[in-house]
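Comments concern the structure below.
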Amino acid sequence: LGPLSSSHELQDARPENRAACRVLRQEPPVWLQVLCGWPILLLQKIVSLTPVLLLMQKMTTQSWYDGKLESLQDGLDYISTPERMMYYIGFMVTRKVVSPPLALACAILTKRFLIGTFTETPDGKEPDRSDWELFRTWLLGRMIPDAHLCGVTKLLGRHYEAVSFLYRLLGVKVGKYVYWPGSGFRFQEPDLVELGDYVVFGSRSLFFTSDATHRRQGIKVESGSNVSDRCVLLPGTTVKCGAVLGSGALSKQGATYNAGTYVGSRGNDCVLLKKANGVPPPTESSYARAFTKSGMMPYLVLPEWCHIAWSTASICWACIITKLPIVSGLMLAQLYFQDDWHAHSVASALLVPSAFMVAMYPAVLSLVLCMDIGSKW
């Protein structure tokens, strides 16, 4: 069976569909992963966590606590001080806001100076399945393991020009005012993807620029085209100007789709639902016009930096809200014990903070619900 297929489509089964099965892809030898890949991944992890480690080091040099850590009460007394709680929240915020860009920077530098540029497999030749070629794809996939570029696009707003800039750094050929999906993309061979101007994406679509045999073919989405939700584009696909791949559309390897509307999958290829009259010139999408002609819009269009600031602030606030029950529970326990944890038993030192934390979770959930409803209105 091919992609986007089920047991109800056994009549469409073809032996060549095995090339689209990613599980069958050969990985680099274990010795290469261990000796070369793991040290690079470890270095990326250390670099991304360096700000957190520096913040921890700064916390340990502070002098607000002079007691000895000899018992459980000492430890709880130490971590429940207000200064310590501020650092704890700072660790979480730093890891969510500062660490992702550092991890992505490591991946971009490794791609540029070690992994190199991915190129198409020449016609009529067998794909290069040497250890190094297998390792290049494997390493980039491990360094950018998610569809949000190590979490950076969540900080930028997911849809906007800043995302295009990051993909260009990775080698993707991106035009202007591309509307990116909220679900993001994972391009395993980014140099083989070309996107024109004003391309609009839906969510949860997949671009495959190589098959299970590691034969590489580029994917080209021309200006003014549209790739909607849950589409799968196989290697060698070209989407012409004016073409709309509707929800669940499956492209055929090496196929070209002219102007028109295509949907679903039948016989391992999408179905032409409506053919366009002629080839329309690429025009600005509604998303592009909102930025290029913001003064003509009947609504307020915020500049991109506002979206970036809002997205980053939202993630910071989410970090604080997530840890609020733990922080507030410990600080309430500190007030309850009146800074004298040793006057109480070990059981009390454990049960009282736990009780405060359990009580705070419904309160925080209610606060979040009120915020969601309030922001809606």
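The values are calculated or read from the model by the stated rules, or taken from the named source; none is laboratory data. Predicted, not measured: the structure shown is a model, and the values here were computed from it. Cβ sites come from the backbone with ideal geometry, for glycine too, and all protein chains shown count toward neighbours. Please note that ligands, DNA and RNA were not included when accessible areas were found on the heavy atoms of the full protein model with its side chains. Shrake-Rupley method; radii C 1.70, N 1.55, O 1.52, S 1.80 Å.
A few points about this structure:
- Qualifying residue in segment 304-316 (condition: in a helix (DSSP H, G or I), surrounded by 12 or more Cβ atoms within 10 Å (Cβ to Cβ), over 28 Å from the mean Cα position of the chain (by Cα) and in contact (Cβ under 8 Å) with a residue 12 or more places away in the chain): no
- Among the residues here, K176 does not qualify as buried (at least 19 other Cβ atoms within 10 Å of the Cβ), out of contact with any strand residue (DSSP E or B) (no Cβ under 8 Å at 6 or more places or on another chain) and among the charged types (D, E, K, R).
- When Y88, Y65, Y78 are checked against the criterion of being in a helix (DSSP H, G or I) and either modelled with pLDDT of 85 or more or in contact with a helix residue (DSSP H, G or I) (Cβ under 6 Å, 6 or more places away or on another chain) (or both), a single residue qualifies: Y88.
Residues are listed down the side, and each one gets a yes or a no for (1) open to solvent by less than 10 Å² (accessible area, probe 1.4 Å); (2) at negative phi; (3) assigned to a loop (DSSP other than H, G, I, E, B); (4) free of Cβ contacts under 8 Å to residues at least 12 places away in the same chain:
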{"site": "P181", "(1), (2), (3), (4)": "yes, yes, yes, no"}
{"site": "S203", "(1), (2), (3), (4)": "no, yes, yes, no"}
{"site": "G224", "(1), (2), (3), (4)": "no, no, yes, no"}
{"site": "P235", "(1), (2), (3), (4)": "yes, yes, yes, no"}
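- Put simply, of T283, T292 the only residue that is open to solvent by less than 70 Å² (accessible area, probe 1.4 Å) and either at pLDDT below 85 or in contact with a His (Cβ under 8 Å, 6 or more places away or on another chain) (or both) is T292.
- A single entry from L351, L330 fulfils the requirement of being assigned to a helix (DSSP H, G or I), among the hydrophobic types (A, V, I, L, M, F, W, C) and under 30 Å from S375 (Cβ atoms): L330.
- Of all residues in segment 243-251, at least one satisfies being under 28 Å from A107 (Cβ atoms) and under 25 Å from the mean Cα position of the chain (by Cα).
- Residues (open to solvent by 40 Å² or more (accessible area, probe 1.4 Å), touching a residue at least 60 places away in the same chain (Cβ under 8 Å), part of a helix (DSSP H, G or I) and closer than 16 Å to L140 by Cα) located in segment 23-39: C36
- Criterion applied to C241, C270 was being surrounded by 17 or more Cβ atoms within 10 Å (Cβ to Cβ), modelled with pLDDT of 85 or more, in contact with a Pro (Cβ under 6 Å, 6 or more places away or on another chain) and under 30 Å from E189 (Cα atoms), and the one residue passing it is C241.
- Residue identified as assigned to a helix (DSSP H, G or I), open to solvent by less than 10 Å² (accessible area, probe 1.4 Å) and aromatic (F, W, Y) among F118, F135: F135
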